Amino acid sequence: MLPRILRRRITVTAFAAFTVCAPLLAGGQPTRDAGLARLADEIQRLSAISAGKVGVGIIHLESGRELFINRDEPFPMASTFKVPVAVQILTLVDSGKARLDSMVTLAPNDLHPGSGTLTSLFNKPGVSLSLRNLMELMLLISDNSAADILLRTAGRGPAVNARLAALGVRGISVDRPTVALIADALGVKNLPPETELTPERFRELSRGVTPEERRAAADAFSHDRRDTSTPEGMARLLEKVWRRQALSAASTDLLLDIMRRCQTGPGRIKGMLPPDVVVMHKTGTLNNGITDDVGILTLPNDAGHVVLTVFVKDAKADEATQERAIAQIARAVYDYFVFSVAGKSAN
């Protein structure tokens, strides 16, 4: 067994693209974690599969051992921004300022393009859904209309960012509803006010974007600091959720249960893991070289839990290949913490 582990952490190896962090021993000396350095080398090798830039955040929750690839690099969150939105909604619930059973009646301008079912199935006036219904749609199937309704209910980006700051989470910025985010990614300009925007109007504006404008928009989007997260920022948020430092026990259990049932991205973090491994996660995708998956893995045989965030941007490979890169990285992380003797003894 290792000597008693203190809660403080230090950087023991830091260069170029990755940072390895390990707990301190009781005497104040850092643990020697050559295994994490080897894991970093393997992740960098696997990242090349995506033909893009990859950011990774890893926190073994029981031991406090950490690894970050492109730790402070901002990556477009795509739909992973829905995790901090959910945290803010549940914060309002915990404080008595919102109720999960509160009903929201959908208006035509609430239906937005992109993933989900509200736009295609619930497109008749008068449909009402509870905040809990909307949160499940947002996280389970990444419904964009549900996300934008909840973002508005949460107080929009400034309120979400204020909550993240109060939690001490840095490196995440929530700035736009998904409809505006998608418009900027695709080069769609001159959106009407939200109260006048319909899916039909958005499709009409999108058809008017030239291929040159679309390419220029994709390049500008990849350098936009809005709606981005660093690998560490999202990992810290998930760590605080897991440790019940962000929400009440009941709200934490609800959020993690919904993320456990996430239906999107089966080929990403979960893609190469044994089928019985529990993964609580949220995906994000934009069809311009951006593919993400962030979550928490429950390891078998009392090996603990691992926060894992993987962001891909500027990828030249297709989406399926980007997903394979994420799956390979997740499998390398899984194998390291399951089979590493140090990983087990540090728990």
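The values are calculated or read from the model by the stated rules, or taken from the named source; none is laboratory data. What you see is a predicted model, and the numbers here were worked out from it, not measured in a lab. Positions of Cβ are generated from backbone atoms using ideal geometry, with glycine treated the same way; all protein chains shown enter the neighbour counts.
Is it the case, given these coordinates, that I258 is over 12 Å from the mean Cα position of the chain (by Cα), of a type in the set (A, V, I, L, M, F, W, C) and either assigned to a loop (DSSP other than H, G, I, E, B) or under 20 Å from D293 (Cα atoms) (or both)? Judged against the criteria, I258 is a match. Scan the stretch 104-143 residue by residue and report those that are more than 23 Å from L186 (Cβ to Cβ), modelled with pLDDT of 90 or more and hydrophobic (A, V, I, L, M, F, W, C). Correct list: V104, L129, L131, L134, M135, L139, L140. Inspection of the stretch 314-325 finds a residue satisfying the criterion of being farther than 25 Å from E136 by Cβ, in a helix (DSSP H, G or I) and of a type in the set (G, A, S). Among the residues of the stretch 159-210 satisfying the criterion of being part of a helix (DSSP H, G or I) and acidic (D, E), which is farthest from G55 (Cα to Cα)? My answer is E196. Applying the condition of being in contact with a Leu (Cβ under 9 Å, 6 or more places away or on another chain) and at pLDDT 95 or above to the stretch 218-228 and asking which residue is farthest from V312 (Cα to Cα) yields R226.
Here is a yes/no grid of residues against (1) surrounded by 13 or more Cβ atoms within 10 Å (Cβ to Cβ); (2) closer than 22 Å to L256 by Cα; (3) more than 18 Å from the chain's Cα centre (by Cα); (4) of a type outside the set (A, V, I, L, M):
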site: S130; (1), (2), (3), (4): yes, yes, yes, yes
site: L137; (1), (2), (3), (4): yes, yes, no, no
site: N144; (1), (2), (3), (4): yes, yes, no, yes
site: G168; (1), (2), (3), (4): no, yes, no, yes
site: I182; (1), (2), (3), (4): yes, no, no, no
site: F202; (1), (2), (3), (4): yes, no, yes, yes
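Taken residue by residue, the stretch 211-232 has no member that is of a type in the set (A, V, I, L, M, F, W, C) and not in a helix (DSSP H, G or I).
All of (1) farther than 19 Å from G157 by Cα; (2) modelled with pLDDT of 95 or more; (3) crowded, with 21+ Cβ neighbours inside 10 Å hold for L90 with one exception: (1).
When restricted to residues that are touching an Asp or Glu at 6+ places or on another chain (Cβ under 7 Å) and at positive phi, the stretch 58-93 contains 1. Selection of first residues in the stretch 252-264 that are buried (at least 18 other Cβ atoms within 10 Å of the Cβ) and of second residues that are acidic (D, E), restricted to Cβ pairs under 7 Å at least 6 apart or on distinct chains, gives the following pairs, ordered by first then second residue: I258/E136. There is no residue in the stretch 207-221 that is touching a residue at least 40 places away in the same chain (Cβ under 8 Å) and among the hydroxyl-bearing types (S, T, Y). When T298, T264, T321, T291 are screened for being at pLDDT 95 or above, under 14 Å from the mean Cα position of the chain (by Cα) and in the same structural domain as I43 (by TED's automatic domain parsing), only T291 passes. Criterion applied to T178, T153 was being in contact with a helix residue (DSSP H, G or I) (Cβ under 6 Å, 6 or more places away or on another chain) and either closer than 23 Å to K316 by Cβ or not assigned by TED's automatic domain parsing to the domain that holds G284 (or both), and the one residue passing it is T178.
Within the stretch 318-339, residues that are closer than 12 Å to I269 by Cβ have Cβ atoms under 6 Å from residues that are assigned to a helix (DSSP H, G or I) and of a type outside the set (A, V, I, L, M) in these pairs: A325/S50; A332/E42, counting only partners at least 6 apart in sequence or on another chain.
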